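Bear in mind these aren't lab numbers, they're just calculated from the coordinates by the rules spelled out. It should be emphasised that the depicted structure is a prediction, and the values quoted were computed from it without experimental measurement. Counting neighbours? That spans all protein chains shown, and the Cβs are built from the backbone with ideal geometry, glycine included.
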2 protein chains.
Amino acid sequence: MLNGELGNSLLHSTFIIQHSSFNIHHSTFIIDSKMNCTKCKTKAVIGLPRHNAAFCKGCFNGFVHDQVARAIKSEKMFGKDDRILVAVSGGKDSLALWDILLKLGYRADALYVHLGIGAYSEQSHAKVLKFAEAAAASHRAKLHLHTVEQEAGAGIKELAQLIHRPTCSTCGTIKRYQFNRVAIEQHYDVMATGHNLDDEAARLLGNVLHWQEEYLDKQGPSLPASVEGFAKKVKPLYRLSERELAAYAVLNRIDYIVEECPMAKGSKMLQYKEVLNRLETESPGTKQTFYWGFLEKQRKKQPTATTMTEKDRAVLHPCASCSQPTTAEVCSYCKMMARAKTHAS
Amino acid sequence: MLNGELGNSLLHSTFIIQHSSFNIHHSTFIIDSKMNCTKCKTKAVIGLPRHNAAFCKGCFNGFVHDQVARAIKSEKMFGKDDRILVAVSGGKDSLALWDILLKLGYRADALYVHLGIGAYSEQSHAKVLKFAEAAAASHRAKLHLHTVEQEAGAGIKELAQLIHRPTCSTCGTIKRYQFNRVAIEQHYDVMATGHNLDDEAARLLGNVLHWQEEYLDKQGPSLPASVEGFAKKVKPLYRLSERELAAYAVLNRIDYIVEECPMAKGSKMLQYKEVLNRLETESPGTKQTFYWGFLEKQRKKQPTATTMTEKDRAVLHPCASCSQPTTAEVCSYCKMMARAKTHAS
């Protein structure tokens, strides 16, 4: 049980010191002691400009849980009997997601992929273990682990150098593959990731700036298991911002790794987040209007979604090496591992 | 005839001092004396990162003229026999547009709407008169003038206050109305505005962030004269950036008003331009990919464009007061003027 209210000054200083990398704006983040909770009228701990509201800790937790419950229901993500595999990284979003799903009474286990990025991976692994032992154990939730170094013989950085590919795309391929593998092998009904509103709005901005129609079609918070061997994928946090999830983690004493991945510095996604935050400060609700408006627009042209699944079925078949679905003879993960083994030997 | 090369240091200092409001980045704007012109190999005066090129003054002017000629041709804007009415404000874009069209041999007159914004309007009017007398007169081009105060009895600021509407939307209604009126009354074939790549990309970003489908459909660089009483509208500068047009104006000694309109401070459009400039610095070509990619996408779904014109025809009819096309009984300009007269009396 997490108990005790964080004092205003503690909460304030925690955010200011720890969250510079999120570009969360001081003025909208700190507790305004003049504000009262919109729901229960006690002293508020956080203001939410885009909802024109402020909440005390209890009502804020209620708000967060409600947003996740609405996401699950409206996007038909999963039910109480489904077994969910949460992809956890040790960051605020994925740990908050695991925490919220367990508190909402869902059967949620998790998978952590140890990438082998020196101290960063050690710290994030420690945060995941700590959360799993304390909070998840009381709900009888299980933590799976995959260690890149064990299978590939090298951490993600060395592996990417070895096969001459950018680190972030190598990492993406490995994570997608391993999450899908564990979900299928362990018979989970659905895989959940901690992507929040900021992540989805930034990704949408990137796709829109380049008008990548194919990616635009696939950018929903609930992707069906289009073919045998592909797990259903959902993003239950798409209605909550990065700032709201940071506040949720701090208020509920979820100990998470604050630093961004050292490999992601200067990435396009961080740039898109920055400019969206700039616009959000001037016009609260910009990100929400942008991403939710997009989803609304996609819902109206439903036929494309059906076509997409059909298209997947038409082009995907089992990988000759590992049997996971792929468009090629051998899937990109198996190719990568084969190249890594050739180069290492 | 404009003659003489601007020295590097003069050009440099002119840009740095005068263009802070455009958020043009120093590092990409100044003349790098180590660069040579991509075309003729003499010393370059400007580098264009998004084209991976650098040009001397002569080749840069050639590049600018070529971009405008390509815009006119590819979007079927007008021919050599057409009479064009250029909307001039005294700013770099509209004066550069008038200059370029005349130099390319087109029959281009202009209209200046005097908004009555104190010293700002006086200065911009003076710049337009100066350009018209010197450059346009030698091409026998004519300058039309409409003075808001003469017709409405007040400048734009007081008028907006009088009728309780935002200044920028009042100004937009008046400009659109007057340009269309003069174009139709004086039998111009087409109306040209100085909107550049930055303007169009910023407007597109605003429309995309709010998914305003109706506006998205109308955001092309060439809008046909859909109904009787509506002039055809074109934007021949959509292939050139704000920075390129500022350089063109300075290099060709076009004396323009550098300040943004004082009413536009903090406007959404300026915010959108700022964030796009931020992304452009990191990834040259972002604005071009975004806007041109959008146009390409629109071209593919041609049927909508036809439907749009048909839709216009179906809903528009002559205003009961002035006969310009409107969707209402009386057009918004006539309503505005009627309200202004009621409140003033």
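A few points about this structure:
- Helix B:268-282 axis versus longest C-alpha principal axis of chain B: approximately 20°, rounded to the nearest ten.
- Computed from the C-beta positions of B:Glu185 and B:Ala264, the FRET efficiency with R₀ = 35 Å rounds to 0.75.
- Per-pair calculated FRET efficiency, R0 = 56 Å: A:Ser138 and A:Glu274 via Cβ, rounded to 0.05: 0.90
- Here the Gaussian network model covers chain A, with springs between Cα atoms less than 10 Å apart; of A:Tyr248, A:Tyr215, A:Tyr106, A:Tyr215 fluctuates the most.
- Segment A:Glu310-A:Ala119, length gained on full extension (0.36 nm per residue, minus Cα span): 64.4 nm
- Residues with amide H under 5 Å from that of B:Thr147, placed H, sequence gap 5 or more: B:His114
- Residue of A:Leu295, A:Leu159, A:Leu101 that the Gaussian network model of chain A assigns the largest fluctuation, springs spanning Cα pairs under 10 Å: A:Leu295
- Residue and distance (whole Å) for the chain A Cβ nearest the axis that superposes A on B: A:Val275, 2
- For the protein assembly as shown, share of DSSP beta bridges that run antiparallel, in % to the nearest 5: 30
- Tilt relative to chain A, helix A:197-209 - C-alpha long axis, 0 to 90 degrees, to 10: 60
- Couplings 3J(HN,Hα) for the stretch B:109-124, derived from phi with the Karplus relation 6.51 cos²θ - 1.76 cosθ + 1.60 (θ = phi - 60°), are 9, 9, 10, 10, 9, 7, 7, x, 9, x, 4, 4, 5, 4, 5, 5 Hz, where x marks Gly and Pro.
- Global form of the stretch A:62-316, assessed from the alpha-carbon gyration tensor, a/c cut-off 1.5: rounded
- Summarising the label geometry, the points placed 7 Å from Cα in the beta-carbon direction at A:Lys73 and B:Asp81 lie 6.8 nm from one another.
- Comparing B:Gln271, B:Gln288, B:Gln212 in a Gaussian network model of chain B, where Cα atoms under 10 Å apart are tied by springs, the biggest mean-square fluctuation is seen for B:Gln212.
- Helical mean residue ellipticity (222 nm; -39500 (n - 2.57) per DSSP H run of 4+; nearest 500) of chain A: -15500 deg cm²/dmol
- Distance between modelled label sites at A:Thr147 and A:Thr173, nm, 7 Å Cα→Cβ extension: 2.3
- Per-copy distances of the A:Gly118 label point, shortest first, in nm (7 angstrom along Cα→Cβ): 5.7
- Scanning residues 5 or more positions from A:Ser321 or on other chains, those with amide H under 5 Å from its amide H are A:Cys331, with H placed 1.01 Å from N in the peptide plane.
- Ascending list, in nanometres, of distances separating the B:Ala264 label from those of the other copies (7 Å, Cα toward Cβ): 3.6
- Degrees between helix B:167-185 axis and first principal axis of chain B (Cα, 0 to 90, nearest 10): 80
- Qualifying aspartates and glutamates (Cα of each under 16 Å from Cα of B:Lys39; at least 8 residues distant if same chain): B:Asp66
- 5 angstrom amide H check on B:Ala53, placed H, neighbours 5+ away: B:Leu48
- 3J(HN,Hα) from dihedral phi, the stretch B:126-139, Karplus parametrisation 6.51/-1.76/1.60, rounded to Hz, x for glycine, proline: 4, 5, 5, 4, 4, 5, 4, 5, 7, 7, 5, 4, 5, 9
- Counting DSSP beta bridges with both ends in the stretch A:62-316, the antiparallel % (nearest 5): 10
- Spacing of the modelled spin labels on B:Arg339 and B:Ser323, each 7 Å from Cα toward Cβ, amounts to 2.6 nm.
- Computed about the Cα centre, the dipole magnitude for the stretch A:62-316 is approximately 480 debye when only Lys and Arg (+1) and Asp and Glu (-1) carry charge, each at its Cβ.
- Label point 7 Å beyond Cα along the C-beta direction, distances from A:Arg299 to other copies (nm, shortest first): 3.5
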